[in-house]
Amino acid sequence: MAQYCGISSVGKLFDAALAERTNKSALYSASMRNDPASARLFVQNIEAFIEHVLGVSPKHMKAKPFDGLFGPVLAYFGMVETQGGGTLHAHFLVWLADAPPNSEAFDRAVAAHGD
């Protein structure tokens, strides 16, 4: 983020480890002044969520060799919107492979499992 906003110029990954860390308030302030940088960071975060939490490759739209946090994902739909201050956030609807088809099946599964 600091590099996107021009606060820090780090040429290589190794140099990033040695660079002085930018504090949170400076990053927030810079991102609020730089919409493209803020959007790029948001897209990276969403892609990381899709890949590591849902277990789907965002580039290829195929399941990863590991299940997501909630198990195998059949499909997902995400919608991005802005909040009052202009910051981006997303809402997702996720279809899971092993999820009960309705609330009655869910209630039966919970009752059969005990607690």
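No lab work stands behind these numbers, since they all come straight from the coordinates. Computed from a predicted model, the values in this text were never measured in an experiment. Glycine gets a Cβ as well: all are built from the backbone with ideal geometry, and neighbour counts include every protein chain shown.
Simple spin-label estimate for ALA63 and ARG108 gives 2.4 nm between the two label positions (7 Å along the Cα-to-Cβ direction from each Cα). Shape verdict for the range 24-86, please, from the Cα gyration tensor: rounded (a/c under 1.5), prolate (a/b greater than b/c) or oblate. Since a/c reaches 1.5 and a/b is larger than b/c, the shape of the range 24-86 is classed as prolate. Stretching the chain fully between GLU81 and ALA26 yields a gain of 17.4 nm (0.36 nm per residue, less the alpha carbon separation).
Extension gain for the segment LEU88 to ARG33, taken as residue separation times 0.36 nm less the Cα-Cα distance, is 18.4 nm to one decimal.
Distances between placed amide hydrogens fall under 5 Å for GLY55 paired with LEU69, all partners being 5 or more residues away or on another chain. Only Cα sites of the range 55-113 enter the Debye sum here, all with the same form factor; the resulting log10 I(q)/I(0) across q = 0.14, 0.16, 0.19, 0.23 1/Å is -0.58, -0.70, -0.83, -0.95, listed in q order.
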